[in-house]
Structure formats: structure tokens, C-alpha cells
Amino acid sequence: MTDFWSSWLAFALLAGPLLLIVVGMVFSLYIDRRHLADILAALKNSRYIVFGAAGLSSQGRLGRLMLIAKICGMVLCPKSGIRAGELDPDDIRNFPVHLKRLLIAKTTLMVITLVWGVLAYALLKLK
């Protein structure tokens, strides 16, 4: 068992989540620079997004990254936001497919990072 923990496979197992965090941040910065204006324009009738964008966009880069994470959650799981009146159903229905794919990719990357990180932590605790 000690041979495993000194191998490259163990290093990859433990370094993988850190690498994915960096990749996720770079991907979020890409969405911020290239697509955030289009995403906000597509959600212009949604009260939650309009007020959230006004507050978080003025907080600098970190605020915009948090805004992207919030938008991912609201666009990909919109039922509660629509019921609460914070999202416009027409905005969600007419949301551009290419932007939705970017948000799905971002969310998938976050979930993989989380699962891999929990798995690596659990394996470390078993050691």
C-alpha cells in the first residue's frame, strides 16, 4: 500500500482536483470575457438576474465569477426561480442553446471537481 502512495497514480489522484479547479476558473474567466454580456442580454426580463448582475458585476472579477455560478444554477434548474417570480419563463425557454451548453459544461466541470476531491479526501483518510 505504501508503494501506491509514492506512485505517480497517487500524485495524479490528489493533484487532479487542484488542476480541475484551475481549469474551472480559467473556463469561468472565458465565459466572463466572451459570453457574460450575451447571457445577461438573454435574461434581461428576469428580475433575479438583473438585480444580481447590478450588484455582483460591480464587485470586480470575483463578483462576476460568482454571478456566472449563480446564473448556471438558475438557468439549469429554473423551476423554483420561475415559481418565485425571479426568472422569466420566456427568457429560460428562449435561452440560446450555445450559451446553455457552456453553462452545462461549467456545471459538469464543477461537479466532477467536487466528486474527485471528495474521493481523494476519502482515500487519504483511509490511508
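In whole percent, and with a 1.4 Å probe on the protein chains, what portion of the accessible area of the chain is carbon and sulfur?
Values: 5590 of 8190 Å².
Here it works out to 68 percent.
The count of lysine pairs in the chain whose Cα atoms are under 21 Å apart, excluding pairs fewer than 8 places apart on the same chain, comes to 8.
Compute the accessible area per residue over the chain, keeping the other protein chains in place, probe 1.4 Å, unit Å². If you can, show how the numbers build up before the last one.
Details: 8190 Å² over 127 residues.
Per-residue accessible area for the chain comes out at 65 Å².
If we count every other residue with Cβ under 13 angstrom of His35's Cβ, Lys/Arg +1 and Asp/Glu -1, where does the sum land? Neighbour charge sum, excluding His35 itself: +4.
Helices in the chain, meaning DSSP H runs of at least 4 residues, each add -39500 (n - 2.57). Divided by all residues, the mean residue ellipticity at 222 nm is -26500 deg cm²/dmol. What the phi angles of segment 110-125 give under the Karplus curve with 6.51, -1.76 and 1.60, with θ = phi - 60°, is a coupling list of 5, 5, 4, 4, 5, 5, 5, x, 5, 4, 5, 5, 4, 5, 5, 5 Hz, glycine and proline written as x.
The values are calculated or read from the model by the stated rules, or taken from the named source; none is laboratory data. Note that the structure is predicted; figures quoted are calculated from it, not measured. We place every Cβ from the backbone using ideal geometry, glycine too, and count neighbours over all the protein chains shown. The accessibility values were calculated without ligands, DNA or RNA, using every heavy atom of the protein model including side chains. Shrake-Rupley method; radii C 1.70, N 1.55, O 1.52, S 1.80 Å.
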